[in-house]
1. Just wondering, is there one or more residues in the stretch 2-23 that are within 52 Å of the chain's Cα centre (by Cα) and not in a helix (DSSP H, G or I)?
2. Give the residues of the stretch 332-347 that are within 18 Å of the chain's Cα centre (by Cα) and surrounded by fewer than 18 Cβ atoms within 10 Å (Cβ to Cβ), sorted by residue number.
3. In this structure, does Asp254 turn out to be free of Cβ contacts under 8 Å to residues at least 60 places away in the same chain and in a loop (DSSP other than H, G, I, E, B)?
4. Here is a list: Ser270, Ser284. Which entry is in a loop (DSSP other than H, G, I, E, B) and of a type in the set (Ser, Thr, Tyr)?
5. Restricting to the stretch 294-331, and then to whatever is among the charged types (D, E, K, R) and within 24 Å of Leu194 (Cβ to Cβ), can you tell me which residue is surrounded by the most Cβ atoms within 10 Å (Cβ to Cβ)?
6. Kindly provide the set of residues from the stretch 333-349 that are touching a helix residue (DSSP H, G or I) at 6+ places or on another chain (Cβ under 9 Å) and either under 27 Å from Val188 (Cβ atoms) or among the basic types (Lys, Arg) (or both), ordered by number.
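Bear in mind these aren't lab numbers, they're just calculated from the coordinates by the rules spelled out. Worth saying up front: this structure is predicted, and the values here are computed from it rather than measured. Positions of Cβ are generated from backbone atoms using ideal geometry, with glycine treated the same way; all protein chains shown enter the neighbour counts.
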Amino acid sequence: MKPEEIERMRDEALAAFAAAGDLDALQAAKVAHTGGTSPLALANREIGALPPQAKAEAGKRIGQARGAVSKALAARQVELEAERDARVLVEEAVDVTLPYDRVPAGARHPLTTMMERVADVFVSMGYEIAEGPEVEAEWFNFDALNFVPDHPARQTQDTFFVQGTREDGKPTVDDESGIVLRTHTSPVQARALLGRELPVYIVCPGRVYRTDELDATHTPVFHQIELLAIDEGLTMSDLKGTLDHMVKALFGSDMKTRLRPNYFPFTEPSAEMDMLCYVCRGESVGNADKPCRTCSSEGWIELGGCGMVNPRVLTACGVDPEKYSGFAFGFGIERMLMFRHNVEDMRDMVEGDVRFTRPFGMEI
Ligand code: DAH
């Protein structure tokens with residue numbers, strides 16, 4: 001139990017702690033140099049056998065050595081913990097500039113959102129959503145709606161025929177009606193009247209087709225929303241009030257509509273419906289300083305067609321025109337999106353480029 005030996009034990013312990021490069025190594029060094037079988041612990045145990053004088057001296061030396069060892073251990077522990085914490089911070093840092101591999105969540109197309117917004121206005125008034133096929137019987141698309149076979153209006157709709165009719169209007173296949181891609185959502189009027197109990201209050205948003213070339217203002221596939229209300233005692237003022245409510249709900253409480261006489265075979269009287277220009281609210285009219293591109297300074301934007309349902313349509317669909325009357329209207333969603341959001345080219349709506357859809361937000 002020489003003093004040099006105790007110093008050596010102490011120094012070996014201190015050297016082992018200093019050499020420990022991480023907390024695991026320090027733990028091993030701690031067991032080796034301070035544990036129950038460490039040299040200093042064994043030496044401490046031997047003190048008891050020494051004569052009193054030597055016992056006191058050895059006790060003091062070993063006590064001092066053990067004190068120095070546990071101090072050094074604690075200091076190294078603090079050092080290594082600090083090192084570990086600093087390393088963890090660096091290793092676990094997230095580089096927010098790294099590219100990520102997640103596919104962005106999809107969003108609905110602005111046309112869909114627009115269509116649903118319009119439909120919601122009517123659903124909140126108690127209307128139901130109705131649907132019909134896009135590949136439609138010619139009878140529903142035209143005949144039921146009072147387009148007679150040689151009616152010039154049939155040509156104005158630029159129809160895609162899936163299964164045609166002959167020149168004389170007779171079907172090419174047996175007795176069946178021709179089949180077309182529906183040119184408007186109006187055939188859903190006839191389907192609703194034939195398939196539902198009266199009164200009928202429906203809206204039908206959907207896709208329609210016409211043989212147009214795709215350009216800035218035309219697309220062969222586009223969307224319309226159709227409305228039909230058939231009940232006892234409905235009049236043109238109900239139509240006007242409904243249109244006014246719709247444009248107020250969609251475009252603001254200062255909005256208005258106006259009706260201009262027009263012709264559609266399935267409504268009588270028929271009208272073209274305009275709404276106050278969404279952009280200038282009519283203020284550009286006669287105001288050369290403030291021209292409006294959206295309405296060409298006319299103050300009004302044409303929205304679509306409407307009217308009182310022609311009694312012939314009611315009769316064709318088994319509804320008694322003496323008892324029931326009603327109104328209908330239909331308009332294009334693309335056009336509405338164009339003037340509501342300043343979209344200048346319809347092709348942007350069909351090309352699927354997310355740079356077009358993103359500014360509309362990510363409504364899912
Ligand atoms: N179906 C017509 C079109 O596509 C629009 C239309 C006009 C719908 C008058 C209607 C209506 O319901 O009453 O041009």
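1. yes
2. Selection gives His341 alone.
3. Criteria met by Asp254.
4. Details: Ser270 fails: in a loop (DSSP other than H, G, I, E, B).
Unique residue meeting the criteria: Ser284.
5. The initial filter retains those residues of the stretch 294-331 that are among the charged types (D, E, K, R), namely 298, 302, 312, 320, 322-323.
Among the residues that remain, those that are also within 24 Å of Leu194 (Cβ to Cβ) are: 312, 320, 322-323.
Details: Arg312: 16, Asp320: 10, Glu322: 8, Lys323: 11.
For the stretch 294-331, the residue satisfying everything is Arg312.
6. Ile333, Glu334, Met336, Leu337, Met338, Arg340, His341, Val343, Met346, Met349, listed by residue number.
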